[in-house]
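Only one structure is covered here, and it is reproduced in the block below.
The values are calculated or read from the model by the stated rules, or taken from the named source; none is laboratory data. Predicted model only: the values in this text are computed from it and were never measured. Ideal geometry is used to build each Cβ from the backbone, glycine not excepted, and the neighbour counts take in all protein chains shown. The area values use the complete protein model at the heavy-atom level, side chains included, leaving out ligands, DNA and RNA. Shrake-Rupley method; radii C 1.70, N 1.55, O 1.52, S 1.80 Å.
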Amino acid sequence: PGLSRSMVYGLMLSANLLAADFALGCLYALARRVWGRRWAWLCLLYGTLLLGFNPWMTVLYSDTLALLFPTFFLWLLVGGENARHWWSKALFYLLAGAVLAAGVSVKPTVIIAGIAALLARLYFAVFAREKKLKKLAAVLCAALILAAGAGASRTAIKHYVARTLGPSGWNVRGDSDMEFPWAHFLLMGAVKYEVAPGITYYGAWNNKII
């Protein structure tokens, strides 16, 4: 209330940019920890170029907001791998599980990062030349701690949504026939959709082709 449309759009665009910047920061930190400074700068360069030419950056959308979760999750996971004490490992894994669950709440495909990490750990544990059982046990413990963190995060998010928006959750009604902004028109391939004589939508998501 009290905000103009331009101010609202500016806030939404700022949220997009902050999410992308945080994702790039986590990408740099992750690459530096795993491969070193030179490769970290290279990853940062590629990531900046890809996001810089991403037309979704002009629209607040789950695809862009979810960017920060996979990189942050993997950074926490690697931090847990390199931690020296068991309690610090557990803390890293607990936070990683919470971040993964929060990301899944924004975009379900974020779960791919968790599945890939688990499969990679299982692969290296199964084909390890020594201490195979010990490494498999470590993977199981890490998975259980991740699940605990994810469950706690998911429960907290669910209670917050229920308290904020009521038991029905995201009970937001929208008009499915509303025209989208110009960025959506470009992203959807400049498709026209004539809903009635003299009324044409551009880039409308309810087009039969889309």
Subject >> Heavy-atom accessible surface of the stretch 26-65: percent carbon and sulfur, 1.4 Å >> reply: 69 percent
Subject >> Orientation-averaged projected area, Cα convex hull of the stretch 35-121 (nm²) >> reply: 6.5 nm²
Original post:
For the stretch 105-116, in order, what is each residue's ³J(HN,Hα) by Karplus, 6.51 cos²θ - 1.76 cosθ + 1.60 with θ = phi - 60°, in whole Hz (x at glycine and Pro)?
Top reply: 5, 7, 9, x, 5, 4, 4, 4, 4, x, 5, 5
**OP:** Would you mind listing how long the stretch 16-163 runs along its three principal axes, going by Cα atoms, in whole Å with the largest first?
**Re:** 50, 46, 24
Original post:
Cα-Cα over 25 Å: which of LYS107/LYS158; LYS89/LYS135; LYS89/LYS134; LYS107/LYS134; LYS134/LYS158?
Top reply: LYS107/LYS134; LYS134/LYS158
**OP:** Could you please state, rounded to a whole Å, how far the C-alpha centre of the stretch 1-78 is from the C-alpha centre of the stretch 112-136?
**Re:** 29 Å
Original post:
Please state the Cα pair-distance histogram of the stretch 1-53 with 5 angstrom bins from zero: what percent is in each bin?
Top reply: 5, 20, 21, 16, 12, 8, 8, 5, 4, 1
**OP:** Output ³J(HN,Hα) for the stretch 50-66: one whole-Hz value per residue in order, computed from phi by the Karplus curve 6.51 cos²θ - 1.76 cosθ + 1.60 with θ = phi - 60°, and x for Gly and Pro.
**Re:** 5, 6, x, 9, 8, x, 5, 5, 8, 10, 5, 8, 4, 4, 8, 5, 7
Original post:
Taking the Cα centre of the stretch 1-136 as the origin, how large is its charge dipole in debye, to the nearest 20, when only Lys and Arg (+1) and Asp and Glu (-1) carry charge on their Cβ atoms?
Top reply: 720 debye
